[in-house]
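What follows is calculated from the coordinates using simple rules that are stated; it is not laboratory data. Computed from a predicted model, the values in this text were never measured in an experiment. Because the Cβ atoms are built from the backbone with ideal geometry, glycine has one as well, and the counts that use them run over all protein chains shown.
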Amino acid sequence: MKKVFVSDIGKDTDVKDYFLVEKKGIYSSRSNARYASLRLKDRSGAIEARIWDRVDELSANFERNDVVYVESKARMYQDQLQLNVTSIRKEARGLTPNEMREFYPETPSGIDKLIGDFHRITDGIKNEHLRGLFAEMKKRKEILDKFFLVPASLGVHHVAIGGLLEHSVSVAEIALRAAAFLGADPDIVIAGSFLHDVGKVEEIGLNGGTFAYSDKGRLLGHITIGITLLEELVSALDGFPPFLADVLKHIILSHHGETEWGSPKKPMCIEALVVHYIDNLDAKVAGVNEHMNNNMEDEKWSQFHKLYESRFYRIPER
């Protein structure tokens, strides 16, 4: 779909390609002329853009979070590259998963590697019922494709293509090591690590050209959706032990840890405790790292993080 990425654009480049509209606003210049200010992005970065002519006509063609086809010329303005847009229209067709990769950064770990990790870890499960559960999950292309694609959240942690997969693999890898020290059942810990957020495959969807919470996601939340998905998978298996299904449901229900954090139950078995604390640890560390990558006040200190109510210190290299 795309041929020109933001990172390819230089001064005086003619740019005719697709971008995601990150910001859009209509303003008046000092001479009282109306113009549209845009921020366009793809997986390689973002660039400012302006519409100076036919402002109302062209601006009516699209909204923020739309994928648009742009015809423009790159120029320097106050020492920064900016696109002077002469034509812009919304791409009406929905994006395929591969096309989504052109507009969003992919998790640094790489989706292909993470998919390999997912199969390696789940194929190592010794419990025949849990091994059968993941064999059934792998047959469900509608679940697995989204599990490998969607971010883990829309603004807190693992906000990238493949973010949910990266988070789940990370929780499984760490939790498996913790289980060996703490006496937890390793197979249940693996299963809980990969299933605790599985409801996000339906909680997060596509709205235009961007990821957004689905209606179902807003109404039910990923915990409720996860329970439903697990019940569907278990119902396709003969002889799956009811107690084992209940334990996995409990891990999904309790993985946020507290009622005020969205869990209707607190963790009540060792495996649920392991998944809860590792999930919380991995999400917070990833969220802080992502915040520090883009919001540093100087070389050592980040800007204030509203959710975590703190600034964060980056230890200097020695």
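If you average 1/r over every pair of different alpha-carbon atoms in the chain and take one over that average, what Kirkwood value in Å do you get?
Taking every pair of different Cα atoms in the chain, averaging 1/r and inverting gives 21.8 Å.
With +1 on each Lys and Arg Cβ and -1 on each Asp and Glu Cβ, and nothing else charged, work out how big the dipole of the stretch 6-90 is about its Cα centre, in Debye to the nearest 20.
220
Work the Kirkwood hydrodynamic radius out for the stretch 210-283: mean of 1/r over every pair of different alpha-carbon atoms, inverted, in Å.
Final number for the Kirkwood radius of the stretch 210-283 is 13.4 Å.
Arranged from highest to lowest average of other beta-carbon atoms within 10 Å per residue, in what order do the peptides 15-28, 49-62 appear?
Listed from highest to lowest mean packing, they are 15-28, 49-62.
Label points 7 Å out from Cα along the Cβ direction at residue 126 and residue 44: separation in nm?
The answer from the label model is 5.0 nm.
Quickly estimate the mean residue ellipticity at 222 nm for the chain, helices only: each DSSP H run with n ≥ 4 gives -39500 (n - 2.57), and the total goes over all residues, rounded to 500.
-13500 deg cm²/dmol
Magnitude of the Cβ-charge dipole of the chain, K/R +1 and D/E -1, about the Cα centre, nearest 20 debye?
I would put it at about 840 debye.
In terms of the ratio Rg/(2.2 N^0.38 Å) built on C-alpha atoms, what value belongs to the stretch 58-138?
1.85
Per residue of the stretch 106-120, in order, report the coupling 6.51 cos²θ - 1.76 cosθ + 1.60 (Karplus, θ = phi - 60°) as ³J(HN,Hα) in whole Hz, putting x for Gly and Pro.
With coefficients 6.51, -1.76 and 1.60, one gets 8, 3, x, 5, x, 5, 4, 5, 5, 4, x, 5, 4, 5, 4 Hz.
Would you please report the Å³ per residue occupied by the convex hull of the alpha carbon atoms in the stretch 1-83?
So the per-residue Cα hull volume is 93 Å³.
Among 191, 164, 291, pick out the residue whose Cα is farthest towards the positive end of the charge dipole of the chain, where Lys and Arg carry +1 and Asp and Glu carry -1 on C-beta, about the Cα centre.
The listed residue farthest towards the positive side: 291.
Tell me, in nm to one decimal, what length is gained between residue 289 and residue 78 on full extension, where the rule is 0.36 nm per residue of separation less the Cα-Cα distance?
72.9 nm
So which trypsin sites (Lys or Arg not before Pro) in the stretch 120-191 are both in a DSSP loop and have at most 12 other Cβ atoms within 10 Å of their Cβ?
Taking the stretch 120-191 and a limit of 12 other Cβ atoms within 10 Å, the loop trypsin sites (Lys or Arg not before Pro) found are 126.
Would you mind checking the tilt of helix 186-195 against the longest principal axis of the Cα atoms of the chain, expressed as 0 to 90 degrees and rounded to 10?
30
Please work out the ratio of the alpha-carbon Rg of the stretch 1-151 to 2.2 N^0.38 Å and round it to two decimals.
1.41
Compute the length gained on full extension between residue 90 and residue 260: take 0.36 nm times their separation in residues and subtract their Cα-Cα distance, giving the result in nm to one decimal.
57.1 nm
In what sequence, highest mean first, do 296-306, 159-169, 245-255, 69-79 appear when ranked by Cβ atoms within 10 angstrom?
159-169, 245-255, 69-79, 296-306
Could you give the length gained by full extension between residue 63 and residue 5, i.e. 0.36 nm per residue of separation minus their alpha carbon distance, to one decimal place?
Computed gain between residue 63 and residue 5 is 18.8 nm.
Taking each pair of different alpha-carbon atoms in the stretch 113-181 once, compute 1/r for the pair, average those values, and report the inverse of that mean as the Kirkwood hydrodynamic radius in Å to one decimal.
12.9
Calculate one ³J(HN,Hα) per residue across the stretch 143-150 by plugging θ = phi - 60° into the Karplus curve 6.51 cos²θ - 1.76 cosθ + 1.60, and present them in order as whole Hz with x for glycine and proline.
Taking θ as phi minus 60°, the curve returns 7, 5, 4, 6, 4, 7, 9, 6 Hz for the stretch 143-150.
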